[in-house]
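The values are calculated or read from the model by the stated rules, or taken from the named source; none is laboratory data. Keep in mind the model is a prediction, meaning the values are calculated, not measured. No Cβ is skipped: glycine too gets one built from the backbone with ideal geometry, and neighbour counts run over all protein chains shown.
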Amino acid sequence: MYAETKSKSKEKPTIEKVTECPECGCNRVSQDYSRGELVCESCGLVIDDQYIDQGPEWRSFDMTQEANRARTGPSMSHMMHDKGLSTQIDPSGRDSRGKSLSSSKRAQMYRLRKWQRRSRVAGARESSLVSAFSEIKRLSSSMGLPEHVKERAATIYRRVVEKNLVRGRSIKIVSCAVVYIACRELDIPRTLDEFAKETDYDRKEIGRTYRFLKWELKMKLKPTKPQKYIQKFCNDLGLGGDVKRSADEIINKAEEQELLSGKGPTGLAAAAIYIASIKAEDRRTQIEIADVADVTEVTVRNRYKDLVKKLEIDVEV
């Protein structure tokens with residue numbers, strides 16, 4: 001819902017979002033497209049009497065119809081080096097009337113398309129972005145990361161390029177580091193060991209690049225909580241919802257007693273799942289849980305003993 005408001009100075013009117021009535025303060029504001037009005041449902045005030053319908057004038061009944069009837073291109077994406085704003089020459093070989101082009105015209109259009117593709121990637125910066133975004137897309141797809149993680153990683157990489165932090169470093173390892181940063185920002189549970197498995201780089205090398213970028217970009221990332229890993233580990237182990245809920249309760253109690261500081265979140269999550277699986281009589285061995293959590297069996301055993309002792313949990317092994 002938008003209304004047009006004029007500034008005090010002689011400037012063009014700006015568009016601002018109307019979320020509440022200026023008369024009574026009610027947030028129930030409805031749109032009457034047949035009359036072109038924006039009306040408050042509480043007091044009946046007509047906020048705007050020249051309201052414009054911003055939607056399309058056509059209807060669609062499925063995704064195919066919507067795609068065919070749309071007259072605009074896709075939305076802007078940071079995953080493309082030009083953000084998807086550049087033009088593209090149609091490769092269909094037909095003119096505006098749908099007639100086939102002659103052989104000479106088709107050859108001319110082929111040359112135009114070739115030079116148009118080359119002109120889109122002109123310069124070292126664009127080439128770097130194309131290579132990095134391809135690696136980000138490949139890594140995100142292989143790790144099963146959602147689309148908004150890719151977009152956030154691409155945005156961070158653009159900041160890295162603007163500050164000239166890629167010089168002297170491999171594009172692939174910087175791309176891996178920005179995807180890890182995006183996962184940390186968006187609370188997606190992924191460990192450095194998982195990134196090391198999907199790339200040719202060592203865990204320490206990825207961590208070193210991640211810390212360097214975080215320092216240079218002045219990013220403040222909160223430590224990952226063990227609760228974020230419980231759902232993922234339970235799914236990998238084939239455990240039910242009762243085990244997950246019990247493990248969450250154990251971690252929450254440990255957090256209340258300040259037992260989480262100085263310990264790895266994956267080891268704590270693994271130990272809580274081990275305790276919860278025993279209590280639910282759906283036991284998994286320490287070796288199975290350690291393999292899923294990418295920690296050692298000794299870590300699971302030590303964290304298990306600490307939680308059982310300090311939380312006074314009665315567990316029959």
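From (1) part of a loop (DSSP other than H, G, I, E, B); (2) in contact (Cβ under 8 Å) with a residue 40 or more places away in the chain; (3) touching a Phe, Trp or Tyr at 6+ places or on another chain (Cβ under 9 Å), pick out the condition that doesn't hold for Tyr201.
With respect to (1) part of a loop (DSSP other than H, G, I, E, B); (2) in contact (Cβ under 8 Å) with a residue 40 or more places away in the chain; (3) touching a Phe, Trp or Tyr at 6+ places or on another chain (Cβ under 9 Å), Tyr201 is out only on (2).
Test each condition in (1) under 30 Å from Gly264 (Cα atoms); (2) touching a helix residue (DSSP H, G or I) at 6+ places or on another chain (Cβ under 8 Å); (3) in contact (Cβ under 8 Å) with a residue 40 or more places away in the chain for Glu151 and report the one that comes out false.
Tallying (1) under 30 Å from Gly264 (Cα atoms); (2) touching a helix residue (DSSP H, G or I) at 6+ places or on another chain (Cβ under 8 Å); (3) in contact (Cβ under 8 Å) with a residue 40 or more places away in the chain, Glu151 fails exactly one: (2).
For Gly168, all conditions in the list (1) outside any helix (DSSP H, G or I); (2) closer than 13 Å to Met143 by Cα; (3) of a type in the set (Gly, Ala, Ser) hold save one; what is the number of the exception?
(2)
Which condition number does Thr209 fail, the rest of (1) closer than 23 Å to Leu139 by Cα; (2) at pLDDT below 85 being met?
In the conditions (1) closer than 23 Å to Leu139 by Cα; (2) at pLDDT below 85, Thr209 misses (2) alone.
Would you confirm, using the coordinates I've provided, whether Arg190 is at pLDDT below 85 and of a type outside the set (A, V, I, L, M, F, W, C)?
On the way: at pLDDT below 85: no; of a type outside the set (A, V, I, L, M, F, W, C): yes.
So Arg190 fails the test.
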